[in-house]
Amino acid sequence: MLGLEIRQFPCLSDNYGVLIHDSDNNLTASIDAPEEQAVEDALKENGWTLTHILVTHHHWDHTQGIPGLKAKYGCKVIGPRGEADKVPEIDESVGEGDTYQFGRFKAKIFDTPGHTLGHITWYFPDQHVAFVGDVLFALGCGRVIEGTTDQLWHSLEKLAQLPRETLVYCGHEYTAANAKFAETIEPDNIHLKARIGEIVEKRGRGEPTLPTTIGAELDANPFIRADRDEVRMAVGMPNADPAAVFAEIRGRKDRF
């Protein structure tokens, strides 16, 4: 019996698409649908037929492929309850506390607002994998577009509680740029230094830096480390609330 099969592939300018497959039930889901043709190519490469699209949030670079894919495959579209009116062709909506059964694999749904108001994360606990859209990036986090910094911080707190070994699939290849900023916050972080070396090597070979893990981010990502004393000190806010520290870091990144 195979576990959840996962295929990540580049699309658009810096997005990643992901397919997940349950071989026992011959089910295949696209995590978001950034680009119709890229999803089609990945399906053909693996010999899979699309049955589901699991949406994290409504932004066009995560949903524009949905109408064409649904027209071709008749796949079921499941998306965030808080953005159901913004996700094209949606069939079912889910939110905090819900579970979704994808064949023999169960996903837990977390509301993770901040980047958008209704953003959700798809977490498969038995497979130790989370699909986080644009909330958390390798060494970074999403911009606050519709929500608040408090919301985004609490979303990151939620993800930080997942087991360290959890694989994290993010929506974009932003890691090299994020690493340059992270260095400005914690230049002496040994985990960050090691990550930077790995990133340079991987990108030099044209390889993705994703997926990452929750543990790797807790060790080196300043955004999710805003509750750590060393990060508070680094930004000159030794006694501040973590949400305030996070807001300061997010503001610095916006100006970086």
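Values computed for the structure shown
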read-out	value
Residue in the range 93-108 that is surrounded by the fewest Cβ atoms within 10 Å (Cβ to Cβ), counting only those that are in contact (Cβ under 8 Å) with a residue 40 or more places away in the chain and either part of a strand (DSSP E or B) or touching a helix residue (DSSP H, G or I) at 6+ places or on another chain (Cβ under 7 Å) (or both)	Tyr100
Which listed residue is within 19 Å of Ile224 (Cα to Cα) and at pLDDT 95 or above, from Asp98, Asp111	Asp111
Set Ile90, Ile66: member being of a type outside the set (Asp, Glu) and either crowded, with 23+ Cβ neighbours inside 10 Å or modelled with pLDDT under 95 (or both)	Ile66
Scope the range 228-248; condition touching a residue at least 24 places away in the same chain (Cβ under 8 Å), under 28 Å from Val129 (Cα atoms) and out of contact with any Phe, Trp or Tyr (no Cβ under 6 Å at 6 or more places or on another chain); matching residues	Val231, Pro242, Ala247
Any hit, the range 62-75, residues being within 23 Å of Ser13 (Cα to Cα), in contact with a Cys (Cβ under 9 Å, 6 or more places away or on another chain) and not in a helix (DSSP H, G or I)	yes
Cβ-Cβ under 9 Å pairs, at least 6 apart or on other chains, the range 192-220 side closer than 28 Å to Phe124 by Cα and without any contact (Cβ under 8 Å) to a residue 12 or more places away in the chain, far side charged (D, E, K, R) and assigned to a helix (DSSP H, G or I)	Glu207/Glu201
Matching entry among Pro187, Pro222, Pro163, Pro208 (being more than 26 Å from Val129 (Cα to Cα) and either surrounded by 19 or more Cβ atoms within 10 Å (Cβ to Cβ) or modelled with pLDDT of 95 or more (or both))	Pro187
Hits in the range 76-87 - residues which are part of a helix (DSSP H, G or I) and either crowded, with 23+ Cβ neighbours inside 10 Å or under 15 Å from the mean Cα position of the chain (by Cα) (or both)	Glu83
Residue satisfying all of: in the range 34-63; of a type outside the set (S, T, N, Q) and closer than 14 Å to Lys86 by Cβ; surrounded by the fewest Cβ atoms within 10 Å (Cβ to Cβ) among these	Trp60
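Conditions (1) touching a Pro at 6+ places or on another chain (Cβ under 9 Å); (2) of a type in the set (Ser, Thr, Tyr); (3) over 17 Å from Ile249 (Cα atoms), marked per residue:
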| site | (1), (2), (3) |
| --- | --- |
| Ile190 | no, no, yes |
| Ile199 | no, no, yes |
| Arg203 | no, no, yes |
| Leu210 | no, no, yes |
| Gly215 | yes, no, yes |
| Asn221 | no, no, no |
| Val231 | yes, no, no |
| Met237 | no, no, no |
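The values are calculated or read from the model by the stated rules, or taken from the named source; none is laboratory data. Small disclaimer: the values here were computed from a predicted structure and weren't measured. Using ideal geometry, Cβ is built from the backbone for each residue, glycine included, and neighbour counts are taken over all protein chains shown.
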